[in-house]
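Structure, as structure tokens:
Read the figures in this text as sums done on the coordinates, not as results from a lab. Computed from a predicted structure; not experimentally measured. Methodologically, a virtual Cβ is constructed for each residue, glycine included, from the backbone with ideal geometry; neighbour enumeration extends over all protein chains shown.
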Amino acid sequence: MIKAPNIAAFNPPRRILMGPGPSDVHPQVLAAQAKPTIGHLDPLFITMMDELKQLLQYAFQTRNEMTLAVSAPGSAGMETCFVNLLQPGDSVIVCRNGVFGERMRQNVVRCGATAITVDNAWGEPVSPAAVEQALKDHPEVKFVAFVHAETSTGALSDAKTLCALAKKYNCLSIVDAVTSLGGSELRVDDWGIDAIYAGSQKCLSCVPGLSPVSFSPAAVEVIKARTVPVQSWFLDQSLVMAYWSGGAKRSYHHTAPVNALYALHESLRLLAAEGLEQAWQRHNDMHQLLKTGLEPLGLNFVVAQESRLPQLNAVFIPEGVDDAAVRKQLLEDYNLEIGAGLGDLAGKAWRIGLMGYAAKRENVALCLQALQNVLVKSA
Ligand SMILES: *Cc1c(COP(=O)(O)O)cnc(C)c1O
């Protein structure tokens, strides 16, 4: 017998989460998650799932039937899009201007497809001109994949223009909206996005672990016309849809994360009550407020003004300042989490998130005050 360890219940502190995600979870969302678990084929649960789909269609601004939440984090939403749409031998343009574009490329390769990369420097948006050149040079390409809001750098790319380009060259678009959904303007139907995935824990301010996805009718046709089965049983949308769109005939695929879906339902209800455009505006307003306070502290933005993400503010760490020590002190003295730099920006930048419920005046004020105090001490 291995002896039972004597361990106390876990009591996390109440932190203020202003990093790249997870973001602060709204108290109503936490409360929703604590409601009684019911069966995932219970008629009342199915009604909740139908509402959840309507709420997701609103958040994405789409009428796509195939709109649902993958039972796993944003990375699984990414993988869902690639494994369902790509077949071995397909060619895909993958735009890289940060960490997540490179992950898309790895997904493409693992599908047995060919990735044609279009690179932009970290901190820059994806260049539509470079994408168009790649489309001209590679008439065999079937898909264009890019990250709308690059969380590793804080750059926003022009999804509307990039998707229009994909369409012009008869390609489908695959869009990472993990950090943009709920925080930046995003219109799936108007912009002609074919496959999109997001995350629960960024601007939706829901608990981590779910990935909203949506597929256009054209993308659904591609999935239906597959000759090679999707290599992932779990992520195969043709099987998952029997569960999400079956109405009363819904049949078992996997046990839905029941309580996490209550939380997503509540977070999307809160978004709908605020209004999508109002939420986008609030993220912008809080970004402006933060920016006004950051610059006098000598903290300069990584990304040029015109392509800055309001919900992810990457700033250079001033010369001589100890990156890890500052973040440790913010956490210990202020219960405040900001993000470290990732990839090329590791040790060089901080990433200050203003996502969802965390995008509010009190947080901006606290963050500025705390940074000022800590930077004065460390100078
Ligand atoms: C966070 C993030 C992901 C990955 O989401 P996980 O929930 O961490 O798996 C993918 N793309 C972008 C742009 C992200 O910010």
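Couple of notes before you dig in:
- Taking every alpha-carbon pair under 8 Å whose residues sit at least 6 apart, the range 76-171 reaches a relative contact order of 31 percent.
- Cα-based shape type of the range 247-342, given that a ≥ b ≥ c are square roots of the gyration tensor eigenvalues and the cut on a/c is 1.5: prolate
- Rel. contact order, % - alpha carbon contacts under 8 angstrom, at least six apart, the range 109-245: 15 percent
- Extension gain (nm, one decimal) between L331 and A242, 0.36 nm per residue minus Cα-Cα: 27.6 nm
- About its Cα centre, the dipole of the chain is roughly 640 debye, where the only charges are +1 on Lys and Arg Cβ and -1 on Asp and Glu Cβ.
- Label point distance in nm, E221-Q305, each placed 7 Å from Cα along Cα→Cβ: 4.4 nm
- Under 21 Å of direct C-alpha separation, and excluding same-chain neighbours fewer than eight residues apart, K377 reaches these lysines: K328, K348.
- Take every Cα pair under 8 Å whose residues are at least 6 apart in sequence, average their separation, divide by the length of the chain, and the relative contact order is 25 percent.
- Calculated FRET value between F10 and T255, using beta carbons and R₀ = 35 Å, to 0.05: 0.90
- Residues considered: A256, A279, A314. Largest GNM mean-square fluctuation over the chain, using C-alpha springs under 10 Å, is found at A256.
- A Förster radius of 51 Å, combined with the Cβ-Cβ distance separating Q281 from Q106, puts the computed FRET efficiency at roughly 0.90.
- Segment K377-D344, extension gain: residue separation times 0.36 nm, minus the distance between their alpha carbons: 9.1 nm
- Label separation (S232 vs F316): 3.8 nm, computed from points 7 Å beyond Cα along the C-beta direction.
- Peptides 84-90, 130-136, 148-154 ordered by average Cβ neighbours within 10 Å, highest first: 148-154, 84-90, 130-136
- Calculated diffusion of the chain, Stokes-Einstein form, Kirkwood radius summed over Cα pairs, 4 °C and 1.567 mPa s, µm²/s: 60 µm²/s
- Global form of the range 35-135, assessed from the alpha-carbon gyration tensor, a/c cut-off 1.5: prolate
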